[in-house]
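A quick write-up on the structure given underneath.
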Amino acid sequence: MIENKISSLGIRLFDTPPVSAGSYIPIVITGNLAFISGQIPIEVDSIPPKVKFKGKVGKDISLEDGQKAARLCTINALSHLRNALGSLDRIKKFVKVSGFVNCDPSFTEHSKVINEASDLLVHIFGEKGRHARIALGASSLPLNSPVEIEFIVEI
Amino acid sequence: MIENKISSLGIRLFDTPPVSAGSYIPIVITGNLAFISGQIPIEVDSIPPKVKFKGKVGKDISLEDGQKAARLCTINALSHLRNALGSLDRIKKFVKVSGFVNCDPSFTEHSKVINEASDLLVHIFGEKGRHARIALGASSLPLNSPVEIEFIVEI
Amino acid sequence: MIENKISSLGIRLFDTPPVSAGSYIPIVITGNLAFISGQIPIEVDSIPPKVKFKGKVGKDISLEDGQKAARLCTINALSHLRNALGSLDRIKKFVKVSGFVNCDPSFTEHSKVINEASDLLVHIFGEKGRHARIALGASSLPLNSPVEIEFIVEI
């Protein structure tokens, strides 16, 4: 059902979402909580897979591209969740979204960037998609990613 | 009972604590854990509500004002918790406090800023207020807030 | 059993791991989750205890020293866990590692720093050590520490 909703929004999940750059795994489930590792905007269906957006939001790339990056992080997270859970219908609700924006010290529009992730969750999951959140600035992010987002989900 | 303690400390909670700047909600409860969204020092009883303190701690504003900001974040979180739980007496204990300080790369006194939040929780809740914590520097924060703090609570 | 493994790797845990610099505690257990406070590379068996590595990774200190700092953070966390749990054999699995690297805005090798913590957990705990993770840059950290790492563990 959720996958139909995702398709109807013109979104395609990845069968093989980005692999981890280290000795960690994309998702750990403990009790009825799933902790999803920090996602960066890697596009796995480019050859080779690459970080689609790079640099500091508001400086190297536009706010709009930062938002697209946040959206791609979310799609990667959902792809990992589908793989780990078998079906996204097992998600009871989103608990927490932590969004980190790679930006200069003068940047103040973190909310606008991470809203793209939050809005997408609510569009797809409705009330179940409404989550607690933190958004803040990071002086730098792995691989010069503009955004990194982690998620906690109740299943 | 806890509310009496809060009153006795001369603290007044807000009936309508700050609303979210995006598609997220202030608190999500999963099992017996409540995740509170990152709080910034918005003063809701000013007209219009505004971020009471702004800028980088130790540069734009003093350490003392940074501490006041951390205190206001905590009061906002408690106000949200009271609204969500009906009563603060339902809190079994504080689990985790994550405190982010907007500051320059040379700043090192993050603990002193976030201690203001930690101390307040212990003053109000006693042993139940003692929590795990992380404190660190953010290169920037939403709306140029000097501090952002999130909380996890066991109910 | 786990302690034998740790000894066989030539690692010695601390009987009295670093104390908190504030009104918080090193570990809070809620249900079957243990939240460990952010650890910095304090060496408690130096006299007096001190932050063994200081400064920004890739600028003030080398990547290698940043990795050693991440390793020391992890050893401190394990020392706290042993004290809180009585035995590290009570750990069912590591759930989440959040690693913050003190660095310049141009730094991009956060993963290499925090891998040192992740690898150590997998070396010691095997499959149980495989965790979800986030790694990112902080513009500054408490006491000018190069790394700060927090952990969530299932017991």
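Values in this text are rule-based calculations from the coordinates and carry no lab data. Fair warning: this is a prediction, and the values are worked out from it, not measured in the lab. Here the Cβ is made from the backbone with ideal geometry for all residues, glycine too, and neighbour counts use every protein chain on show.
With a Förster radius of 45 Å applied to the beta-carbon distance between C:SER46 and A:ARG90, the computed FRET efficiency rounds to 0.35. In the protein assembly as shown, the DSSP beta bridges split such that about 70 percent are antiparallel, to the nearest 5. Would you mind classifying region B:25-154 by shape? Square roots of the alpha carbon gyration tensor eigenvalues, ordered a ≥ b ≥ c; an a/c under 1.5 is rounded, otherwise it is prolate if a/b is larger than b/c and oblate if not. Taking the square roots of the gyration eigenvalues as a ≥ b ≥ c, region B:25-154 is prolate. Dividing the summed helix terms, -39500 (n - 2.57) for each DSSP H run of n ≥ 4, by the number of residues in chain B produces a 222 nm estimate of -10000 deg cm²/dmol to the nearest 500. Neighbours of B:LYS96 by Cβ distance under 13 Å: Lys/Arg scored +1, Asp/Glu scored -1, total +2.
So if I place +1 on the C-beta of Lys and Arg and -1 on the C-beta of Asp and Glu, and nothing else carries charge, what would the dipole magnitude of the protein assembly as shown be about its Cα centre? I want it in debye, nearest 20.
With Lys and Arg at +1 and Asp and Glu at -1, about 580 debye.
To the nearest 0.05, how large is the calculated FRET efficiency for C:ASP15 and A:SER8 if R₀ is 56 Å and r is the Cβ-Cβ distance? Efficiency, from the Cβ-Cβ distance: 0.40. Taking θ as phi - 60° and the Karplus parameters 6.51, -1.76 and 1.60, the scalar couplings of region C:142-148 work out to x, 6, 6, 5, x, 8, 9 Hz in sequence order, x denoting glycine and proline. Label-point spacing for C:LEU85 across the identical copies (point 7 Å from Cα in the Cβ direction), in nm and ascending order: 2.7, 2.7.
Rounded to the nearest 10 degrees, the angle from helix B:110-125 to the longest Cα principal axis of chain B is 20 degrees.
Shape verdict for the protein assembly as shown, please, from the Cα gyration tensor: rounded (a/c under 1.5), prolate (a/b greater than b/c) or oblate. It is rounded, given that a/c, with a ≥ b ≥ c, falls under 1.5. B:ARG12 label point (Cα plus 7 Å toward Cβ) to equivalent points in the other copies: 5.8, 5.8 nm, shortest first. Measuring from each Cβ of chain C to the axis that turns chain C onto chain B, the shortest distance belongs to C:SER139, 2 (residue, then whole Å). For region A:20-34, backbone phi angles converted through the Karplus equation (6.51, -1.76, 1.60; θ = phi - 60°) give residue-by-residue couplings of 6, 9, x, 7, 9, 10, x, 9, 10, 9, 9, x, 9, 10, 10 Hz, Gly and Pro being listed as x. Taking each label point as 7 Å beyond Cα in the direction of the beta carbon, state the distances from B:SER46 to the same residue in the other copies, shortest first, in nm. Shortest to longest, the spacings are 4.3, 4.3 nm. Our coupling estimate for region B:85-90, obtained by passing each phi through the Karplus curve with A = 6.51, B = -1.76, C = 1.60 and θ = phi - 60°, is 9, x, 8, 5, 5, 6 Hz, Gly and Pro reported as x.
Report for region C:25-154 the percent antiparallel among DSSP-assigned beta bridges with both residues inside it, nearest 5.
On the way: 19 of 28 bridges.
Once the DSSP bridges in region C:25-154 are tallied, antiparallel ones form about 70 percent.
For region C:25-154, the relative contact order comes to 38 percent (Cα pairs under 8 Å, sequence separation of at least 6).
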